[in-house]
């Protein structure tokens, strides 16, 4: 009999865990306490050591997969041969909650149904003789559901039978249930909070990025000398910060409780990053005081850390304004949701060559849409539009960015 | 300030070191058992062994301990059998609390080691009340209230400190300041420069001591205990230490503190410091160390095996310990339960 390792409740009352990393493979020999697998629950990521010595027969579940508490994760040949060797695994006892033999299910009508006092009282109130009810709870205990079903069963035995037959036909699984938890749950809560509190309006404009495209081409080699991969983001950040300096209300948050608008005189720009678990916002601090190349390096570092789930807590906090970049995924425009309690967010889109009219001529230029959402409680429509066209100037004439430094 | 220099015989030093090392090894094993699903929950004392053992070492046999989460090692030192300690975490029939307490919440009557409730700071007024009773009855024993740094923010702390000061009761408040109350750092816990200084406001003395130095802790605690025993009133001892591990098996400290901070404190590891002291004294060597580790690990594994072999507490014990004489309706239920469980 191979030894089965079941996922224990490694937190207090957790129901499942995610397999982060397997440290063993089938065929591998392990000693007692050797690391088997790293599991992440709602509470913590922990390494599970082997309770036994032996050879791994099978690992169950992929990295990134979810395993329920109590489910078999791994089987182990303890090498002791047959049933003689391994006593019933104590490792399983607290997990599996085996029913002791003495608690074997009493037959209905045996005049000694097992039930708690509350259930006995309920049976009495319903006029049911509890000893007539067969229990489906642990150890054959009569449960509330048993009493309720007992009522139905006696009143309409035919109907009940039909239902139970119908229930046995497995329905085609058309809806997959994914528990809302971890990062996904956080995202859901934050989005609701933002949409619930801040009346959004979205403003879209088109920017001619041709000059910036050319500038980036020539600046790329300078950046790569310092090991940086230069994208458009650092330039866009700089342009936005110029806008925020001119329109400080956009770099604020509204404290509803105190009835105050808190205007920030520092510029920490949040960047939405897609990670395997979902959207995360990393924060580039003091953008006004950093060079374009410094920003490029920092953005690369933070996004990489975010994708690998290794961002330090302080790099996830304290943004005053947020950028959501769909980059190459493009699209035309979007209606971004504000990173609450901030009051503005900008979505940047794909740069593509489009025919536009310049001096009465149709010419091909590198165009990009900007989608800006504002909290209308703080930012009036005119202010939002002014901000956008001010920022646009910098993007269309990137030399201006450096004039302001 | 009283004399706080420690005086211990060589035999006592070795006994103290043995307890400290046992606690370190036991915690490692217990946390492993938790990860393997063999116990449900555990709170390690790793990094705080010197504070726990050093302080409890200064107590007399008849003194009373009102512990917080991490003082199980003090109970062991005072005679709590290791098998019962482990069984407590399993809630089996060898557990004195019959599986009714949270794991890691020990109590042991023969050692005057009172059960802890998970609620923070509630044990502090209990200790003061017990100490007041001792004073009224003219006894020469004292009570110790153990607490973490987080407990000092609770109302119970104030009430207990104030009462103890006014009535001059023989109690020692021992605060194991391990810098973190789960995820709240001491800097967010209090604006005071120290916890020890809080005693001044209540009209008695407080002392801060290096909590990772078992001998300093023992010295300070001995003076505090003597002070209380001599009828001079309460005393507050603050042991500055560090929780090297997680708050409990359900916690992940990487979420709120840096690895660098932990590494910084690892340099002040209390077990290594005591070992180094013994080496310097010439009363210890590598061979003795290995032999002791082997012996203690053996003791621990043997105790685990015994504890794992024990069945759960009999279900009938559910009805025990509520009324001194069982009430008729409970007796009826108990009889019914026993009847149900008999094979047909």
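The values are calculated or read from the model by the stated rules, or taken from the named source; none is laboratory data. Worth saying up front: this structure is predicted, and the values here are computed from it rather than measured. Cβ: placed from backbone, ideal geometry, glycine included. Neighbour counts: every protein chain shown.
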Checklist line | Verdict on residue A:335 being in a strand (DSSP E or B), within 19 Å of residue A:271 (Cα to Cα) and either modelled with pLDDT under 95 or not assigned by TED's automatic domain parsing to the domain that holds residue A:213 (or both) | finding: no
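Out of A:199, A:170, A:234, A:157, report the one residue that is modelled with pLDDT of 80 or more and loosely packed, with under 12 Cβ neighbours inside 10 Å. Before the answer, list the steps.
Details: A:170 fails: modelled with pLDDT of 80 or more; A:234 fails: loosely packed, with under 12 Cβ neighbours inside 10 Å; A:157 fails: modelled with pLDDT of 80 or more.
Just a single option satisfies the conditions, and that option is A:199.
Can you say whether residue B:146 is touching a strand residue (DSSP E or B) at 6+ places or on another chain (Cβ under 8 Å), part of a loop (DSSP other than H, G, I, E, B) and under 22 Å from residue B:77 (Cα atoms), as far as the supplied structure shows?
On the way: touching a strand residue (DSSP E or B) at 6+ places or on another chain (Cβ under 8 Å): yes; part of a loop (DSSP other than H, G, I, E, B): no; under 22 Å from residue B:77 (Cα atoms): yes.
No: the conditions fail for residue B:146.
If you check residue A:13 against the conditions, is it surrounded by fewer than 16 Cβ atoms within 10 Å (Cβ to Cβ) and on the phi > 0 side of the Ramachandran plot?
Working: surrounded by fewer than 16 Cβ atoms within 10 Å (Cβ to Cβ): yes; on the phi > 0 side of the Ramachandran plot: yes.
Criteria met by residue A:13.
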Next item on the list: Working only within segment B:286-298, note down all residues that are surrounded by 15 or more Cβ atoms within 10 Å (Cβ to Cβ) and within 24 Å of the chain's Cα centre (by Cα).
Entry: B:292, B:296, B:297
Check: For residue A:319, all conditions in the list (1) surrounded by fewer than 20 Cβ atoms within 10 Å (Cβ to Cβ); (2) assigned to a loop (DSSP other than H, G, I, E, B) hold save one; what is the number of the exception?
Finding: (1)
Notebook entry, point to check: Can you name the residue in segment A:220-248 that is more than 33 Å from the chain's Cα centre (by Cα) and outside any helix (DSSP H, G or I) and, of all such residues, is farthest from residue A:322 (Cα to Cα)?
Noted result: A:226
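Taking residue A:344, is it under 27 Å from residue A:280 (Cβ atoms), assigned by TED's automatic domain parsing to the domain that holds residue A:244 and at pLDDT 95 or above?
On the way: under 27 Å from residue A:280 (Cβ atoms): yes; assigned by TED's automatic domain parsing to the domain that holds residue A:244: yes; at pLDDT 95 or above: yes.
Yes, satisfied.
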Checklist line | Search result, residues across segment B:219-272 that are assigned to a helix (DSSP H, G or I), in contact with a strand residue (DSSP E or B) (Cβ under 9 Å, 6 or more places away or on another chain) and within 27 Å of residue A:10 (Cα to Cα) | finding: B:253, B:254
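Might you check whether a residue that is within 14 Å of chain A (Cβ to nearest Cβ), out of contact with any helix residue (DSSP H, G or I) (no Cβ under 7 Å at 6 or more places or on another chain), within 30 Å of residue A:40 (Cβ to Cβ) and in a helix (DSSP H, G or I) occurs anywhere in segment B:290-306? I'd like the intermediate steps shown before the answer.
The initial filter retains those residues of segment B:290-306 that are within 14 Å of chain A (Cβ to nearest Cβ), namely B:297, B:300-301, B:303-306.
If we keep only those that are out of contact with any helix residue (DSSP H, G or I) (no Cβ under 7 Å at 6 or more places or on another chain) as well, we get B:301, B:305.
From what's left, within 30 Å of residue A:40 (Cβ to Cβ): B:301.
Restricting the remaining residues to those that are in a helix (DSSP H, G or I) gives B:301.
Among the residues of segment B:290-306, at least one is within 14 Å of chain A (Cβ to nearest Cβ), out of contact with any helix residue (DSSP H, G or I) (no Cβ under 7 Å at 6 or more places or on another chain), within 30 Å of residue A:40 (Cβ to Cβ) and in a helix (DSSP H, G or I), which makes the answer yes.
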Next item on the list: State which residue is modelled with the lowest pLDDT when the search covers only segment B:314-344 and only residues that are more than 18 Å from residue A:141 (Cβ to Cβ) and assigned to a loop (DSSP other than H, G, I, E, B).
Entry: B:322
Item checked: Matching residues in segment B:319-344 - criterion: being within 12 Å of another protein chain (Cβ to nearest Cβ) and touching a residue at least 12 places away in the same chain (Cβ under 8 Å) -> B:319, B:333, B:334, B:337, B:338, B:341
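Based on what the data block shows, is residue A:282 modelled with pLDDT of 95 or more, surrounded by 13 or more Cβ atoms within 10 Å (Cβ to Cβ), more than 14 Å from chain B (Cβ to nearest Cβ) and touching a helix residue (DSSP H, G or I) at 6+ places or on another chain (Cβ under 9 Å)?
Details: modelled with pLDDT of 95 or more: no; surrounded by 13 or more Cβ atoms within 10 Å (Cβ to Cβ): yes; more than 14 Å from chain B (Cβ to nearest Cβ): yes; touching a helix residue (DSSP H, G or I) at 6+ places or on another chain (Cβ under 9 Å): yes.
When the stated conditions are applied, residue A:282 does not pass them.
If I filter segment A:82-90 for residues that are at the interface with another protein chain (Cβ under 9 Å from one of its Cβ atoms), surrounded by fewer than 17 Cβ atoms within 10 Å (Cβ to Cβ), modelled with pLDDT under 80 and more than 28 Å from residue B:253 (Cβ to Cβ), do I get at least one hit? Break it down into steps so the answer makes sense when it comes.
Taking segment A:82-90 as the starting set, the residues that turn out to be at the interface with another protein chain (Cβ under 9 Å from one of its Cβ atoms) are A:87, A:90.
With the extra rule that they be surrounded by fewer than 17 Cβ atoms within 10 Å (Cβ to Cβ), the set shrinks to A:87.
Applying the additional criterion that residues be modelled with pLDDT under 80 yields A:87.
In the following step, the residues that additionally are more than 28 Å from residue B:253 (Cβ to Cβ) were identified as A:87.
Looking for residues that are at the interface with another protein chain (Cβ under 9 Å from one of its Cβ atoms), surrounded by fewer than 17 Cβ atoms within 10 Å (Cβ to Cβ), modelled with pLDDT under 80 and more than 28 Å from residue B:253 (Cβ to Cβ), one finds at least one in segment A:82-90, hence yes.
So which helices (runs of 4 or more DSSP H) are wholly in segment B:25-137 and hold at least 1 residues that are over 30 Å from residue B:8 (Cα atoms), within 14 Å of another protein chain (Cβ to nearest Cβ) and touching a residue at least 60 places away in the same chain (Cβ under 8 Å)?
Those helices (runs of 4 or more DSSP H) span B:82-90.
Output the residues belonging to segment B:307-318 that are exposed (fewer than 15 other Cβ atoms within 10 Å of the Cβ) and within 13 Å of another protein chain (Cβ to nearest Cβ). Walk me through it before giving the result.
As a first pass, look at segment B:307-318 and keep what is exposed (fewer than 15 other Cβ atoms within 10 Å of the Cβ): B:309, B:311, B:314, B:316-317.
Listed by number, the residues that qualify are B:309, B:311, B:314, B:316.
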Notebook entry, point to check: Only one of (1) modelled with pLDDT under 95; (2) surrounded by fewer than 23 Cβ atoms within 10 Å (Cβ to Cβ); (3) over 21 Å from residue B:21 (Cα atoms) fails for residue B:69. Which number is that?
Noted result: (3)
Item checked: Test for residue A:373: is it more than 14 Å from chain B (Cβ to nearest Cβ) and touching a residue at least 60 places away in the same chain (Cβ under 8 Å) -> yes
